[in-house]
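Take a look at the structure set out below.
All of the numbers you see were taken from the coordinates with simple rules; none came from a lab. Just so we're clear, the structure is a prediction, and the values are computed from it rather than from any experiment. Every residue, glycine as well, gets a Cβ built from its backbone with ideal geometry; the counts of neighbours run over all protein chains shown.
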Ligand code: DQA
C-alpha cells in the first residue's frame, strides 16, 4: 500500500477564511479529511502536514524519504516562488513531489508566475481548486499500476 504525504505550506491553514474568492470556502480540515478518505477508497495511506515555517517543511521532506513515503503532494504556498532551500530539499530526496496550487498562479501577479520548485518536481497542477490535490493522488495511484507492468 502506497503512503502519500500531503504537505501544505504557509497560510494554507487559513483556507476557508483566506481570500475565499481565490481559494474557496473549504477549510484545510475539510481538505485533509477528504484526502484521507479518498486515499482509503484508493487503497493508499494519506498523511497530512501543514506548516507556516520553511524549516519545518524542509524537515518534513527529509523525514518523508527516511520514513518510506512513496509520493508527496506539495503546495508550498508563497515559498514556491523564492525558496531555494525548499527546492534543494526536494532535489535532495528520491521521493517524487507533485506541486499543487489551488489558484491559477499564471493568471495572477507576475511574481507568482515563477516556481523555483517546478524544475525539481515530477509535475505541477495549478488552477483547479482543491480538485488539484485529488488529481495528484490519482496520478500517484496510476503510477503504481505502471510500476507493476
Ligand atoms: C498558492 C499560490 C501562491 O502564489 C500563494 O502564495 C499561496 C497559495 C495556491 O495554492 O494557489 O499561498 O500556492
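Data overview
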item: Structure-based [θ]222 nm, the chain - -39500 (n - 2.57) summed over DSSP H runs of at least 4, per residue, nearest 500; result: -11500 deg cm²/dmol
item: Over the range 2-148, equivalent-ellipsoid semi-axes from the Cα gyration tensor in Å; result: 21, 18, 14
item: Nitroxide proxy distance, nm - points 7 Å out along Cα→Cβ at residue 122 and residue 78; result: 3.0 nm
item: Convex hull of Cα atoms in the range 82-149, direction-averaged projection (nm²); result: 5.0 nm²
item: Full-stretch length increase - residue 30, residue 67 - with 0.36 nm per residue and alpha-carbon distance subtracted; result: 10.8 nm
item: The range 32-101: relative contact order as a whole-number percent, Cα under 8 Å and 6+ apart; result: 32 percent
item: Full-extension gain in nm, residue 108 to residue 22, via 0.36 nm per residue minus C-alpha separation; result: 29.9 nm
item: Average Cα contact separation per residue, the chain, under 8 Å, 6 or more apart, as relative contact order %; result: 25 percent
item: Sorted by Cβ neighbour density within 10 Å, fewest at the top, the residues 101, 113; result: 113, 101
item: Choice from 74, 111, 49 with maximal GNM fluctuation in the chain (Cα, 10 Å cutoff); result: 111
item: Centroid-to-centroid separation of the range 5-75 and the range 88-102 [C-alpha atoms, Å]; result: 13 Å
item: Simple spin-label estimate for residue 14 and residue 85 in nanometres, 7 Å along Cα-Cβ; result: 2.1 nm
